[in-house]
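A short worksheet on the structure shown next.
The values are calculated or read from the model by the stated rules, or taken from the named source; none is laboratory data. All values reported here derive from a predicted model rather than from experimental measurement. Glycine gets a Cβ as well: all are built from the backbone with ideal geometry, and neighbour counts include every protein chain shown. Calculation scope for accessible area: heavy atoms of the full protein, side chains included, ligands and nucleic acids excluded. Shrake-Rupley method; radii C 1.70, N 1.55, O 1.52, S 1.80 Å.
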Amino acid sequence: MNDWEEILPSEEEKNRAVMRILDTAMPRKNSIWRELYQTANAVGLRTLFCGVGDCFFLAVLVLCICLFPAALMVRTMHLTSWLFLVSPAFYALAHFLTTWKEYQSRTLEWKQTWRISFQTIMALRMLVLGAVSVVGSILICAVLWSLSRQAVSFVWMLSVAFSALFLYGGSSLLCQRLWGMRAVMPVPFVWIVLSLVPVVWEPASVWLMQIPVCVFLVIAAAGGGFYLAQMYYFVLGKSRIPAL
């Protein structure tokens, strides 16, 4: 064997060196959910929601105002309609108001200059708002259930509230994926109109009240899956300049 053959690396050593170079230059991508978790640790809630505390206060205030007519109609056939309207109220208002304020203050454009994906930041914010809305929906159902003196099943009320929340969240994400951030504006108004239809049309309210709890539980589970699926594709989407 020649001396130069002893100096040259073997085929196996070459392959290992190539793999090390590829791993360094092209690191493996994390899963989307792991990326969201790492983004939450890197950014923090304070930075994620910096300067939008007044938006949350206004969203809670409007939600409390909406609870008054819901409390008055808790023993009527309009309970389902009000649950559909009130359950996603905080999520919709908080997301709309924070996006609108950051657009006006040019903060959204600043966030698009971060090394972290703009879609990941927005998705993380919506996940936090969704988690808060889930807790809020439980509290709303507990209040209305107490006011109704347990006339309606608590599980039934929760299934209705979660169905409304997840379907709204998934629909909002779908519209944002298709039409950009401008879809933040019309979606809440369309949801309000659809939720108020059974209020003014008595047969629709009666029909909704007769739907069994198992149906709403299936809708809530499907809505949750729909929301997570839309969140997945939203993070995968390409960044867009917000146009409100």
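Being farther than 18 Å from residue 50 by Cα, at pLDDT below 85 and buried (at least 22 other Cβ atoms within 10 Å of the Cβ): is that true of residue 158 here?
Considered against the rule, which asks whether it is farther than 18 Å from residue 50 by Cα, at pLDDT below 85 and buried (at least 22 other Cβ atoms within 10 Å of the Cβ), residue 158 comes out as no.
Which of the residues belonging to the stretch 163-194 are at pLDDT 80 or above and open to solvent by less than 40 Å² (accessible area, probe 1.4 Å)?
Those that are at pLDDT 80 or above and open to solvent by less than 40 Å² (accessible area, probe 1.4 Å): 163, 164, 165, 168, 169, 170, 172, 173, 175, 176, 187, 188.
Restricting the stretch 13-41 to residues that are modelled with pLDDT of 75 or more and open to solvent by less than 80 Å² (accessible area, probe 1.4 Å), which is nearest to the chain's Cα centre (by Cα)?
Once the filter is applied, the top-ranked residue is 36.
Please give the number of the condition residue 84 fails out of (1) modelled with pLDDT of 90 or more; (2) out of contact with any Gly (no Cβ under 7 Å at 6 or more places or on another chain); (3) aromatic (Phe, Trp, Tyr).
(1)
With the checklist (1) within 30 Å of residue 33 (Cβ to Cβ); (2) out of contact with any Gly (no Cβ under 8 Å at 6 or more places or on another chain); (3) modelled with pLDDT under 85 in hand, flag the one item residue 107 doesn't pass.
(2)
Based on this model, can you work out whether residue 131 counts as over 23 Å from residue 179 (Cα atoms), of a type in the set (Gly, Ala, Ser) and either touching an Asp or Glu at 6+ places or on another chain (Cβ under 6 Å) or at pLDDT below 80 (or both)?
no
Is it the case that some residue within the stretch 143-152 is over 23 Å from residue 92 (Cβ atoms), open to solvent by less than 60 Å² (accessible area, probe 1.4 Å) and at pLDDT below 90?
yes
Looking only at the stretch 229-240, decide whether some residue is of a type in the set (Gly, Ala, Ser), surrounded by 13 or more Cβ atoms within 10 Å (Cβ to Cβ) and modelled with pLDDT of 85 or more.
So far as the stretch 229-240 goes, yes, one or more of its residues are of a type in the set (Gly, Ala, Ser), surrounded by 13 or more Cβ atoms within 10 Å (Cβ to Cβ) and modelled with pLDDT of 85 or more.
Which condition number in (1) at pLDDT 80 or above; (2) open to solvent by less than 60 Å² (accessible area, probe 1.4 Å); (3) not β-branched (Val, Ile, Thr) is the one that residue 114 fails?
With respect to (1) at pLDDT 80 or above; (2) open to solvent by less than 60 Å² (accessible area, probe 1.4 Å); (3) not β-branched (Val, Ile, Thr), residue 114 is out only on (1).
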